[in-house]
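Report on the following structure.
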Amino acid sequence: AFRVRDTIGDDGSMDDSDDEDSHGGGISFYARPFQRQRWGEDQVLPHVNWGDIFFDLFYVAAAYNLGSMLISSLSKAQSFRGVVYFIGVFGPLYFMWESKLVYESRYSVVDLAHRLLEVVRVFFISFAVLHIKTIDLMSDPSSAETLCFTVSLFLESLIPIFLKIELIMVGEGDREAIRNHSLRKIKNIFIPVSTLYLAAAIISIVQYVQDDDDDDFESKKTDTVGYDETDKDYEYDTDSHYPGHMRLLAAASNSSSSYNDDGSWRFADLPIALCCIAYIFNLVYTCIRKMRLLKGSEDFRVCNVPSNIDFQIHRYGEWVLLMMGESVLSLLIVDTTEERDYYVVAVFGIITVFVLQAIHFESEPSHAEAHALWRNMTAQLVYGYL
């Protein structure tokens, strides 16, 4: 929504010869979104938008918190739960990022209303990132981490639905394609995913409220019988359950049953499991959808809006760099030890990150004509999954 708006020629095509600068002149409170790319037009990279890079910074924090969450699952009993929790947390966050990417690669709008909407969107994402903690905390019903995370996911999932409804009503461009594409996205992806997020949020809220009620009941019971608090330790064993670098923002539980050291599944794991299912559902539906397009079972141009591939290449490159930046932070912002093994790991870690970025950016084309996103539907699907 921060993209500089291109002008539309008399023939309905995009004209980049007279671009408007968002810093020069006033910006209206509301403007209708318009189609960025038409079928058969040349791919032209839009102006660089610094707001996109600022948006990506929140995902650097997400990657850091996800690393801490994975560390908490480094045991044989917790390994599978760690995978499910990672997918259930990272998947929805990446779906948010990709939804924004896909929207902006197809449509452009510059106004105050959409900028304010982006502020709200960033707030929801930042609140979700803030509550990515260890698996012990996120599976603890007495902790508000999963509650806040799932509620943030659900509220953010309403924004793409709103944007699609706006496109159906007032979007400029190929009206038939915009309407068909937006309706399909709402019915087949956004509503099912948002419903799963809502279910996860409701379960988290119910668990949190019930646990508080149980705590209040136990507190009244101990007060009645004159229970001596010195006879029982109400604190967590912070050395065994919380890494020293994790911030404890939620109140600790006074029940040892909040923990699940044996790795067995409990009802408290259901909210994140639903988030994991939502992300997998999106992947499966996207695959089936594109396979149908390959079979030519429908008029492709009537039911789809083209993307600006150069824009997508640019944004995917920024994403990869920021994720590698988090790797650099994890390698360098640590306590040093004067041991040989420490420096061996540090040196080879830095070399690995350098080689990965060199291989990625040297081998990947920088323009649409030679890129997998442009080549064919199969290559586009594989690249997106990778």
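The values are calculated or read from the model by the stated rules, or taken from the named source; none is laboratory data. Quick caveat: nothing in here was measured; it's all calculated off a predicted structure. Using ideal geometry, Cβ is built from the backbone for each residue, glycine included, and neighbour counts are taken over all protein chains shown. Note: accessible area is taken over every heavy atom of the protein model, side chains too, but ligands, DNA and RNA are not part of it. Shrake-Rupley method; radii C 1.70, N 1.55, O 1.52, S 1.80 Å.
Return the residues of segment 123-149 that are of a type in the set (S, T, N, Q) and more than 18 Å from LEU57 (Cα to Cα); say none if nothing qualifies. Residues satisfying the conditions are THR134, SER139, SER142, SER143, THR146.
With the condition being under 28 Å from LYS185 (Cα atoms), I'd like the helices (runs of 4 or more DSSP H) fully within segment 295-386 carrying at least 1 qualifying residues.
On the way: elements: 300-303, 309-332, 340-363, 372-375, 377-385.
Hits in segment 295-386: 300-303, 309-332, 372-375, 377-385.
Would segment 140-159 turn up any residue that is assigned to a helix (DSSP H, G or I), among the charged types (D, E, K, R) and surrounded by fewer than 17 Cβ atoms within 10 Å (Cβ to Cβ)? Looking for residues that are assigned to a helix (DSSP H, G or I), among the charged types (D, E, K, R) and surrounded by fewer than 17 Cβ atoms within 10 Å (Cβ to Cβ), one finds none in segment 140-159, hence no. Condition first: touching a Phe, Trp or Tyr at 6+ places or on another chain (Cβ under 7 Å) and not aromatic (Phe, Trp, Tyr). Can you find one or more residues in segment 351-367 that meet it? Checking segment 351-367: not a single residue is touching a Phe, Trp or Tyr at 6+ places or on another chain (Cβ under 7 Å) and not aromatic (Phe, Trp, Tyr).
The set of residues in segment 34-64 that are of a type in the set (Gly, Ala, Ser) and either in contact with a helix residue (DSSP H, G or I) (Cβ under 6 Å, 6 or more places away or on another chain) or at positive phi (or both) comprises GLY40, ALA61, ALA62, ALA63. For VAL119, state whether it is of a type in the set (Val, Ile, Thr), open to solvent by 10 Å² or more (accessible area, probe 1.4 Å) and in contact with a Lys or Arg (Cβ under 6 Å, 6 or more places away or on another chain). Here the answer is no, as VAL119 does not meet what is asked.
Is it the case, given these coordinates, that VAL83 is in a helix (DSSP H, G or I), without any contact (Cβ under 8 Å) to a residue 12 or more places away in the chain and β-branched (Val, Ile, Thr)? Taking the combined requirement at face value, the residue satisfies it. Check segment 104-113 and report whether any residue there is hydroxyl-bearing (Ser, Thr, Tyr), in contact with a helix residue (DSSP H, G or I) (Cβ under 6 Å, 6 or more places away or on another chain) and open to solvent by 10 Å² or more (accessible area, probe 1.4 Å). No - not one qualifying residue is present in segment 104-113.
Across segment 361-382, the number of residues qualifying as closer than 30 Å to LEU332 by Cβ and open to solvent by 50 Å² or more (accessible area, probe 1.4 Å) comes to 4. No other residue among SER17, SER28, SER73 is modelled with pLDDT of 80 or more, part of a loop (DSSP other than H, G, I, E, B) and surrounded by fewer than 12 Cβ atoms within 10 Å (Cβ to Cβ) apart from SER28.
Could you list, in sequence order, the residues of segment 324-339 that are free of Cβ contacts under 8 Å to residues at least 24 places away in the same chain and closer than 13 Å to GLY67 by Cα?
Applying the first criterion (free of Cβ contacts under 8 Å to residues at least 24 places away in the same chain) to segment 324-339 yields 331-339.
Selection gives LEU331 alone.
Could you list, in sequence order, the residues of segment 33-62 that are part of a helix (DSSP H, G or I) and open to solvent by 20 Å² or more (accessible area, probe 1.4 Å)?
We begin by selecting, within segment 33-62, every residue part of a helix (DSSP H, G or I); these are 50-62.
TRP50, GLY51, ILE53, PHE54, LEU57, PHE58, VAL60, ALA61, listed by residue number.
Taking the numbered list (1) without any contact (Cβ under 8 Å) to a residue 24 or more places away in the chain; (2) closer than 17 Å to PHE34 by Cα in turn, VAL119 passes all entries but (2).
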